[in-house]
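Down below is the structure, laid out as structure tokens.
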Amino acid sequence: MLEKETVYKNLALTREKISAVTKREITIVAVTKTLPASVYEICYELGLNHIGENKIQELKTKTEEKQHLRDKLIFHAIGHLQSNKVKYLHQIANCLDTLASVEILKIIENLKEKNNLKPLPVLIQINSSHEPQKSGIHIDNLDEAYKLAELCENNTAVKLEGIFTIGPDPSVLSENKFELETRKSFSKTREIKEQIEKQIKRNLPRLSMGMSSDYLWAIEEGATEIRIGSTLFGARH
């Protein structure tokens with residue numbers, strides 16, 4: 001059973017570690033996948049107002065169960081988004097952090113036109129680790145990312161707020177190489193964000209990168225928000 005006291009201690013330790021590497025304000029997105037909906041109550045009570053869910057259906061089920069928290073928490077869709085799930089986004093998520101294709105953008109645009117919806121905040125997902133199993137625009141195909149950014153900028157259906165990436169898988173790299181490759185991945189993603197900012201002539205406030213195994217490196221490489229689950233809630237079973 002998930003205990004609020006345990007999460008509180010883990011959160012306090014995490015904030016201590018963050019304070020040791022930066023004085024910047026860092027947004028913690030609490031990743032609650034596979035956990036019961038009661039985790040939303042704990043997050044709200046501890047001031048963890050940003051919630052990340054990988055699966056749209058899981059987010060839908062939990063927010064329906066905890067309807068009273070719907071307007072008190074900020075829900076991030078952080079997993080690969082299937083086209084048939086886009087229709088649920090505006091109902092249950094406050095932002096899509098993993099926009100990676102013109103196809104999904106067009107579906108969002110069509111939904112807005114039909115239903116007069118508010119612009120949806122989005123991040124463009126970059127696959128910065130060269131891992132084929134990961135979603136996102138491949139780092140060797142950045143013309144696609146720049147094109148998507150331009151389309152977002154000229155589209156009233158979305159509001160482009162930044163860039164999202166997932167670092168390398170620690171299980172396939174040696175300990176020493178893991179830090180080197182992770183920092184390289186994060187540094188390159190920051191550079192892509194800066195390039196897009198020049199392209200669209202405005203600053204993007206969000207750079208989402210870093211998870212439980214690498215969030216301190218991500219912060220040192222420029223992340224404005226991190227996505228952590230097991231660091232706060234313990235290992236999943």
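General observations
- With the simple model of a label 7 Å out from the Cα in the direction of the Cβ, Glu103 to Asn115 spans 2.1 nm.
- Rounded to whole Å, sorted largest first: equivalent-ellipsoid semi-axes of region 1-96, Cα gyration tensor: 25, 16, 11
- The string of couplings for region 16-28 from the Karplus curve (6.51, -1.76, 1.60, θ = phi - 60°) is 4, 5, 5, 5, 6, 10, 7, 9, 6, 6, 10, 7, 9 Hz, one whole number per residue in order, with x for Gly and Pro.
- Between region 38-67 and region 79-113, the C-alpha centres lie 19 angstrom from each other.
- Overall Cα dimensions of region 183-222 - principal axes, largest extent first, Å: 33, 18, 11
- Amide H within-cut-off set for Thr27, under 5 Å, with H built and near neighbours excluded: Glu225, Ile226
- Taking Val31, Val172 and counting other C-beta atoms within 10 Å, the order from fewest to most: Val172, Val31
- Ordering Val39, Val21, Val7 by the number of other Cβ atoms within 10 Å of each residue's own Cβ, fewest first, gives Val21, Val7, Val39.
- Label selected from (1) 0.99; (2) 0.95; (3) 1.09, the criterion being Rg/Rh (Cα atoms, Kirkwood Rh) as computed here: (2)
- Under 5 Å, built H, 5+ apart or other chain: amide partners of His50: Ala30, Ile74
- Residues in region 167-179 carry Karplus couplings, in order, of x, x, 6, x, 6, 10, 10, 5, 4, 5, 6, 4, 5 Hz; the curve used is 6.51 cos²θ - 1.76 cosθ + 1.60 with θ = phi - 60°, and Gly or Pro positions show x.
- Helical mean residue ellipticity (222 nm; -39500 (n - 2.57) per DSSP H run of 4+; nearest 500) of the chain: -13000 deg cm²/dmol
- Distant-in-sequence amide contacts of Thr98, defined by a placed amide H-H separation under 5 Å and a gap of 5 or more residues or a different chain, comprise Leu123.
- Trypsin sites (Lys or Arg not before Pro) within region 192-237, DSSP loop, no more than 13 other Cβ atoms inside 10 Å: Lys201, Arg202, Arg236
- Think of each Lys and Arg Cβ as +1 and each Asp and Glu Cβ as -1; about the Cα centre, that makes the dipole of region 4-233 roughly 520 debye.
- Restricting region 1-92 to trypsin sites (Lys or Arg not before Pro) that sit in a DSSP loop and have at most 13 other Cβ atoms within 10 Å of their own Cβ leaves Lys23, Arg24, Lys72.
- Fully extended contour minus Cα-Cα distance, from Arg15 to Arg70, at 0.36 nm per residue: 17.3 nm
- Calculated from backbone phi, Karplus (6.51, -1.76, 1.60) coupling profile of region 114-130 in Hz, x at Gly/Pro: 6, 10, 6, 8, 6, x, 9, x, 9, 10, 8, 8, 10, 8, 8, 10, 6
- Dimensions (Å) - region 87-213, Cα atoms, principal axes, largest first: 51, 31, 22
We did not get these values from a lab; they are worked out from the coordinates using the rules stated. Everything quoted here is computed from the prediction, not taken from an experiment. Heads up, the Cβs are rebuilt from the backbone with ideal geometry, glycines too, and the neighbour counts pull from every protein chain shown.
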